[in-house]
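Participant: Handing you this structure, nothing more for now.
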């Protein structure tokens, strides 16, 4: 992982991820070694509390960077907003 | 063919068969040896005039007996109405 | 289930509302509306006239509607086919199918339209701007579309 | 082409009229309407609530609508998806596709619905009469329906 300076990151939560978090969005400042979506999820989960609840099973949480679906391996450098949500369930 | 007494038969015409005939329906009295739809078509065609026009190519005229599609070999005994029309062209 | 052959136009929204209002067992409603195009076979038409076989046409539509209900779990359906003279842009035919699930509604509507286009007792005459025109010949492609359904046992789907 | 994500209900007839009025190059219009059923998985529901991702959801709907236009010769289309709390019998989603030919209209509408049911960023919560309920799990069958289209090169059909 490339170490780069921590920068504020806007995170959005939807559906039960939002409910477990108790909020729809927030700004976090992950350390510089958090380089991918998977890194970010692991770092958030390690905060415990509501984070531990929302990310208890990271494999069922989906992510989007700047409104595009991404895989856990996607790098987060340059992201304006990252969203976490359950698998979509249509209309 | 079974010989049976001639009896009045109601005939309906649709689309270009109707236009060639110049009428939408009529009652005819075919001779007793006219037993099938094909017999009836041959007998009508032999009348010449508008019949010759309408049934010039019997293979492209379809028939229904009492509002059910039938093949040329269908017997006409007991029919209340026989209709002749082109292949259907939908809506 | 109901069918109508009529000169009058129809109202898609009103027909859907009539089938579905007050019901909560329907999850999927498909409508198909066929309209008169301004050209046919690459040549402009000024209008078309549809003729039917009163009595037989309605009976055939009821028969094929019942067949659709045998093949798919439909909660409701409606077929309206117009006759008489129709101008480009006007409605010709409406099929509505309602089911608990979308694939049944889609497939039943496509099945009914394939039938209506190929086998229902309607005859179509077109008029052209130069005064020519005439009765439209049956199209093999429509008949092939219908034959596809007939090769399948009832209850299976064509997809 | 246009999409809307809104709390307000929609009017099927008005949406069709908006796409087709004054045009004579359309021959076939298909609408799909999805409605809330009074039960889900065999158990009664009192209402459901739909959540979306503002911005992303609209962009995804526009992307899939453009994909439908690439795959089929469509003259016009419309997607409306409601959000918020909806009761049994209420409308959820409307897809309208218009083409010169019926098979394109049918298939494009089915394609759009398979996408909307499996991939569009909407989340559904159901409430039951006993006060229970919760977020609905993703259904594999919907995802399989969508995967069927993805295995086909653009321009071919699934039928």
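The values are calculated or read from the model by the stated rules, or taken from the named source; none is laboratory data. Quick caveat, the model's predicted, so the values are computed rather than measured. Positions of Cβ are backbone-derived with ideal geometry, glycine not excepted, and every protein chain shown enters the neighbour counts.
Participant: Please verify whether residue C:116 is facing chain B (nearest Cβ under 7 Å), assigned to a helix (DSSP H, G or I), touching a residue at least 24 places away in the same chain (Cβ under 8 Å) and surrounded by 15 or more Cβ atoms within 10 Å (Cβ to Cβ), treating the condition exactly as stated. Full working, then the answer.
Facilitator: Working: facing chain B (nearest Cβ under 7 Å): yes; assigned to a helix (DSSP H, G or I): yes; touching a residue at least 24 places away in the same chain (Cβ under 8 Å): yes; surrounded by 15 or more Cβ atoms within 10 Å (Cβ to Cβ): yes.
The answer is yes for residue C:116.
Participant: Can you name the residue in the range A:54-91 that is within 14 Å of chain D (Cβ to nearest Cβ) and part of a helix (DSSP H, G or I) and is also surrounded by the fewest Cβ atoms within 10 Å (Cβ to Cβ) among such residues? Walk me through it before giving the result.
Facilitator: Taking the range A:54-91 first, the residues within 14 Å of chain D (Cβ to nearest Cβ) are A:54, A:57, A:59-70, A:79-91.
Still in the list and also part of a helix (DSSP H, G or I): A:54, A:59-60.
Numbers: A:54: 22, A:59: 6, A:60: 13.
Looking at the filtered set, the residue picked out is A:59.
Participant: Tell me which of these residue B:27 doesn't satisfy, since it passes every other one: (1) surrounded by 13 or more Cβ atoms within 10 Å (Cβ to Cβ); (2) at pLDDT 95 or above.
Facilitator: Evaluating residue B:27 over (1) surrounded by 13 or more Cβ atoms within 10 Å (Cβ to Cβ); (2) at pLDDT 95 or above leaves (1) as the failure.
Participant: Moving on. For residue D:81, only one of the following conditions fails: (1) at the interface with another protein chain (Cβ under 10 Å from one of its Cβ atoms); (2) surrounded by fewer than 24 Cβ atoms within 10 Å (Cβ to Cβ); (3) closer than 13 Å to residue A:90 by Cβ. What is its number?
Facilitator: Only one criterion is unmet by residue D:81, namely (2).
Participant: Residue check: is residue D:143 within 12 Å of chain A (Cβ to nearest Cβ) and surrounded by fewer than 20 Cβ atoms within 10 Å (Cβ to Cβ)?
Facilitator: On the way: within 12 Å of chain A (Cβ to nearest Cβ): yes; surrounded by fewer than 20 Cβ atoms within 10 Å (Cβ to Cβ): yes.
The answer is yes for residue D:143.
Participant: Something else: In a loop (DSSP other than H, G, I, E, B) and at pLDDT 95 or above: does that describe residue B:7? Write out each step before concluding.
Facilitator: Values: in a loop (DSSP other than H, G, I, E, B): yes; at pLDDT 95 or above: no.
Criteria not met by residue B:7.
Participant: Further question: Which condition number does residue D:73 fail, the rest of (1) within 14 Å of chain C (Cβ to nearest Cβ); (2) crowded, with 20+ Cβ neighbours inside 10 Å; (3) in contact with a helix residue (DSSP H, G or I) (Cβ under 7 Å, 6 or more places away or on another chain) being met?
Facilitator: (2)
Participant: In the range D:13-60, which residues are within 30 Å of residue C:46 (Cβ to Cβ), outside any loop (DSSP other than H, G, I, E, B), touching a residue at least 12 places away in the same chain (Cβ under 8 Å) and at the interface with another protein chain (Cβ under 10 Å from one of its Cβ atoms)?
Facilitator: Of all residues in the range D:13-60, those within 30 Å of residue C:46 (Cβ to Cβ) come to D:13-31.
Those left that are additionally outside any loop (DSSP other than H, G, I, E, B): D:13-20, D:28-31.
Okay, now just the ones that are also touching a residue at least 12 places away in the same chain (Cβ under 8 Å), so D:15-16, D:18-20, D:28-31.
Within the range D:13-60, D:15, D:16, D:20, D:28, D:29, D:30, D:31 qualify.
Participant: All but one of (1) at pLDDT 95 or above; (2) in contact with a helix residue (DSSP H, G or I) (Cβ under 6 Å, 6 or more places away or on another chain) hold for residue D:107, so report the exception by its number.
Facilitator: For residue D:107, the exception is condition (2).
Participant: Which members of the range D:127-140 meet the condition of being assigned to a strand (DSSP E or B) and either more than 10 Å from every other protein chain (Cβ to nearest Cβ) or touching a helix residue (DSSP H, G or I) at 6+ places or on another chain (Cβ under 7 Å) (or both)?
Facilitator: Taking the range D:127-140 first, the residues assigned to a strand (DSSP E or B) are D:127, D:133-135.
Across the range D:127-140, the qualifying residues are D:127, D:133, D:135.
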